[in-house]
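What follows is one structure encoded as structure tokens, with my remarks underneath.
The values are calculated or read from the model by the stated rules, or taken from the named source; none is laboratory data. Quick caveat: nothing in here was measured; it's all calculated off a predicted structure. So basically every Cβ, Gly included, is an ideal-geometry build from the backbone, and we count neighbours across all protein chains shown.
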Number of protein chains: 2
Amino acid sequence: MKTELICAGTELLEGKLNTNSSYIGERLGWYGLELSFVTTVGDNIADLEQTLKLALSRSSIIIITGGLGPTFDDLTREAVSAATGRKLVLSREALSAIAAMFVRRGIEMPKNNERQAYVIEGAKLLANPLGTAPGQLVAVEKAAGKDKKDNALLFLLPGPPKEMQPMFEREVAPYLKKYESMIKKSFALHVFGLGESAVDEKIRKIVEAERKLDAGGVSFTILARQMIVDLVVSVRGKDEMLVDEMLHNIKNEFYEALGENIYGEDKATLESVAGGLLMKHRKTLVTAESCTGGLLSQKITSVPGSSFYFKQGFVTYSNESKVKELGVSEETLNKFGAVSEETAIEMAEGARKASGADLALSITGVAGPSGGTSQKPVGLVYVGFSGSGPVKVFKINFPGSRTDIRERAANQALDVLRRALMEMETKPELKRKSRK
Amino acid sequence: MKTELICAGTELLEGKLNTNSSYIGERLGWYGLELSFVTTVGDNIADLEQTLKLALSRSSIIIITGGLGPTFDDLTREAVSAATGRKLVLSREALSAIAAMFVRRGIEMPKNNERQAYVIEGAKLLANPLGTAPGQLVAVEKAAGKDKKDNALLFLLPGPPKEMQPMFEREVAPYLKKYESMIKKSFALHVFGLGESAVDEKIRKIVEAERKLDAGGVSFTILARQMIVDLVVSVRGKDEMLVDEMLHNIKNEFYEALGENIYGEDKATLESVAGGLLMKHRKTLVTAESCTGGLLSQKITSVPGSSFYFKQGFVTYSNESKVKELGVSEETLNKFGAVSEETAIEMAEGARKASGADLALSITGVAGPSGGTSQKPVGLVYVGFSGSGPVKVFKINFPGSRTDIRERAANQALDVLRRALMEMETKPELKRKSRK
């Protein structure tokens, strides 16, 4: 029994990254299913039909993403109709769901969107809560099929990942669960403060030892992005207890090797972890940003519930606003410049005082592409942290583009905050020990 | 003549993003070549052979990435041999290149790597300066081929992007350049203020008329993302003047149909266009954000040179900071709430006054996931704009997640700014006319 994926969309052939194949490939693995083929094909009905016919001849589960929109280049419905020999019929149910979506949005339904209500005869509709294109599930008897086992299931899903992903979870996953004979579990650890090679060196022995124990069942991935290193470990096996034990052991060894450079697991982000620590310690935060222009506060407030600890942010892009809002002294700006340790200190202190927050983060730097000098090159960033003691400043030279430098600077500031809050956690213990 | 790509590697079926298909798809476009199919297939010799045979039956240029490594699961060589009926032979040239690579690295060559020196009989070696796997170019006469034109070129390239990309540039691109008899040019238009279907309805007639004129030479794509609709039009042809003329005509017709909903072309973004207009009119800007938490100022400052017009931003997440920094009255907050037209007005006015900037944008809303009420549901956002006249406020209900709502609100604010600046442009003309 083969499983395959067909992704329709000319943009995917012209350079756009195909994230649907990555998402679906990974999710199928959870049910012990493996894709045998992923075929990307353009908005061309003949190519789509040829691809569908081939898929029907060799696979039992076929997922198709894309081409369900309302426009002229959305051809999946027509191609499936041609490949299966089934008619397209207007579904009253689909039409009223689409109409209801437009009513909720308070806009009139364009005539075009009626196209999306046409379904393959006999198909089951798959609800799309986030878009107008309903999905479809079609059970196709294969031409050469002798019994029900030779049937193929075709899932038609929309292309936009935001619509496709929840539909996959709600409408496709329940069908796949019954194929689940192998268990696959995984965890991800996120690391800040060590480069990819340094992480690799520290965990390589663990990885190699585990690989020897279980040849095909363990997979490791290391990915680096904007100073963050992600580690993903997956274990497959028939016995859930053994799978859990193996994952548990590997995770423990990774924690031993990487220590508090690991900032979180799975869906944790630097901002969610730092936010959790702020909640725990009942501390409020203010930010003062120059080169990141609001990226840091944007990240912090992307976490639901951040209003409990985030009071406000100052985006002091001009020198004038640094003086006026944060009380940075003109002398400091003249003598040391806006990108300097001294300015970072005064920005953090000033923001904390002006807002009344417990803790303050400041960022000032040269994001580029121009504005760099030999003394202060593009990528030079100062991150300041103000708490109860003296302000701490971190000076870093980030490589990369303007976007990279800003992203890395904001991540660095979040990590500075995280480590400062973790120190607050360990300090009381140290005190207790010293009293003995 | 079709062009297709085959990517070998089980990891690409299990969740790893396929960046090779994105890279090659984009690069082929430079030579007027379009991929018709991308097939990803696992490290399975039967599946690979089947995929290769299908490709040989329909395509003239076939690029294969992956499966050239030294290990047991690298099967591309064997599969190409089986699909073409050509023998694998040991290449002394390849073997010494591999051996030399190990000498340079100062390590002994493992026995495994000898496998990489086997090439398809008659293949030309393609040098791999960054890895051990040499590439291969194989010219295959098709079974049914009557003349040389029916031959297919197979390019075998290694899978790791760091090795593949330089090899593509040095070894594959020169061959592709000779196909560049067709010229391909394209433009992108970006639209704000109309939904995907509404745009489609307005341009469909233009698209259909052009399609009739030139069946295969014109391609259109419509993509929607966070209230923005992108239109991409490509024209292929042998005569550059005709291609240019056709693009010019289509673009003009699109402008006529969509008017000033089109905010920019090609690499333009809402923030770069609004920034350009600010520069042109020598106006400075301040932002006051609540639910977007700095996303708006982050977008504005992502444009290099934005310090010329962006003075500062207030991220007034708490009510207290709205009062203190922006002078929003406590009465307004108590009577109408933080998410209200009245608060949006006072935020914009207050920010403009506090900063001395010419123009101010404010955003206040319910980003969710919680905090919504029946009166003020999740997604309700007010955008305020303060210039020389009275503050304008826009009330919108955005669908989607917390991230979507924030992105859409920030984009909406940028579009409000853009349209206000465009009005400044047209006003003097109107005045002149009225004087006549």
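Scan the stretch A:323-343 and tell me whether some residue there is polar (S, T, N, Q) and within 13 Å of chain B (Cβ to nearest Cβ). No. Count of the stretch A:141-165 residues, restricted to those that are at pLDDT 65 or above, surrounded by fewer than 16 Cβ atoms within 10 Å (Cβ to Cβ) and farther than 17 Å from A:LEU12 by Cα, is 4.
If you scan the stretch A:379-406, which residues turn out to be charged (D, E, K, R) and either surrounded by fewer than 19 Cβ atoms within 10 Å (Cβ to Cβ) or closer than 19 Å to A:SER355 by Cα (or both)? Before the answer, list the steps.
Our first condition is that a residue be charged (D, E, K, R); within the stretch A:379-406, this holds for A:392, A:395, A:402, A:404, A:406.
Across the stretch A:379-406, the qualifying residues are A:LYS392, A:LYS395, A:ASP404.
Taken over the stretch B:302-313, the criterion of being facing another protein chain (nearest Cβ under 7 Å) and either in contact (Cβ under 8 Å) with a residue 40 or more places away in the chain or closer than 18 Å to B:ALA357 by Cα (or both) is satisfied by B:SER307, B:PHE310, B:LYS311, B:GLN312, B:GLY313.
When the stretch B:279-295 is filtered for residues that are more than 7 Å from chain A (Cβ to nearest Cβ) and in contact with a strand residue (DSSP E or B) (Cβ under 8 Å, 6 or more places away or on another chain), the ones remaining, listed by number, are B:LYS283, B:THR284, B:LEU285, B:VAL286, B:THR287, B:ALA288, B:GLU289, B:SER290, B:CYS291, B:THR292. Among residues of the stretch A:85-113 that are within 13 Å of another protein chain (Cβ to nearest Cβ), those with a beta-carbon under 7 Å from a residue that is among the β-branched types (Val, Ile, Thr) and surrounded by 12 or more Cβ atoms within 10 Å (Cβ to Cβ) at least six positions away or on a different chain give the pairs A:ILE98/A:THR132; A:MET101/A:THR132; A:MET109/A:ILE98; A:ASN112/A:THR71; A:ASN113/A:ILE98; A:ASN113/A:THR132.
Go through the residues of the stretch A:372-382 one by one and say whether even a single one is in contact with a helix residue (DSSP H, G or I) (Cβ under 9 Å, 6 or more places away or on another chain), at pLDDT 95 or above and closer than 17 Å to A:SER321 by Cβ. No, there is no match, as no residue in the stretch A:372-382 is in contact with a helix residue (DSSP H, G or I) (Cβ under 9 Å, 6 or more places away or on another chain), at pLDDT 95 or above and closer than 17 Å to A:SER321 by Cβ.
Screening the stretch B:11-63 for residues that are hydroxyl-bearing (Ser, Thr, Tyr) and within 8 Å of chain A (Cβ to nearest Cβ) and picking the one that is farthest from the chain's Cα centre (by Cα) gives B:THR51.
Quick one: which strands (runs of 3 or more DSSP E) sit completely within the stretch B:240-317 and have at least 3 residues that are of a type outside the set (Lys, Arg) and under 20 Å from the mean Cα position of the chain (by Cα)?
Details: elements: B:262-265, B:285-289, B:310-316.
Fully inside the stretch B:240-317 and qualifying: B:262-265.
Just one of the listed residues (B:ALA100, B:ALA94, B:ALA83, B:ALA79) is under 20 Å from B:LEU125 (Cβ atoms) and in contact with a Pro (Cβ under 6 Å, 6 or more places away or on another chain), namely B:ALA94.
In summary, A:MET347 fulfils each of the numbered conditions (1) in a helix (DSSP H, G or I); (2) within 13 Å of another protein chain (Cβ to nearest Cβ); (3) more than 25 Å from the chain's Cα centre (by Cα); (4) more than 25 Å from A:THR284 (Cβ to Cβ) with the single exception of condition (4). A:LEU137: touching an Asp or Glu at 6+ places or on another chain (Cβ under 7 Å), more than 30 Å from A:ALA410 (Cα to Cα), at pLDDT 90 or above and not assigned by TED's automatic domain parsing to the domain that holds A:ASP230, yes or no? In short, no. Among the residues of the stretch A:81-102, those that are crowded, with 19+ Cβ neighbours inside 10 Å and either among the small types (Gly, Ala, Ser) or outside the structural domain of A:MET167 (by TED's automatic domain parsing) (or both) comprise A:SER81, A:ALA83, A:SER91, A:ALA94.
Can you find even one residue in the stretch A:2-9 that is β-branched (Val, Ile, Thr) and either farther than 22 Å from A:LYS162 by Cα or more than 11 Å from chain B (Cβ to nearest Cβ) (or both)? Scanning the stretch A:2-9 turns up at least one residue that is β-branched (Val, Ile, Thr) and either farther than 22 Å from A:LYS162 by Cα or more than 11 Å from chain B (Cβ to nearest Cβ) (or both). When we screen B:LYS299, B:LYS335 for residues that are without any contact (Cβ under 8 Å) to a residue 24 or more places away in the chain and among the basic types (Lys, Arg), the only hit is B:LYS335. Residues of the stretch B:62-84 that are out of contact with any strand residue (DSSP E or B) (no Cβ under 9 Å at 6 or more places or on another chain), at pLDDT below 95 and of a type in the set (Gly, Ala, Ser): B:GLY69 alone. Within the stretch A:64-105, how many residues turn out to be within 30 Å of the chain's Cα centre (by Cα) and not basic (Lys, Arg)? Here the count works out to 16. Consider the stretch A:356-378 and keep the residues that are assigned to a loop (DSSP other than H, G, I, E, B) and away from every other protein chain (no Cβ under 13 Å). The one that is surrounded by the most Cβ atoms within 10 Å (Cβ to Cβ) is A:ASP358. Say we look at the stretch A:21-41 and pick out the residues that are within 14 Å of A:ILE64 (Cβ to Cβ) and in contact with a helix residue (DSSP H, G or I) (Cβ under 6 Å, 6 or more places away or on another chain); which of these is modelled with the lowest pLDDT? For the stretch A:21-41, the residue satisfying everything is A:LEU35. When the stretch B:64-80 is filtered for residues that are polar (S, T, N, Q) and buried (at least 20 other Cβ atoms within 10 Å of the Cβ), the ones remaining, listed by number, are B:THR65, B:THR76.
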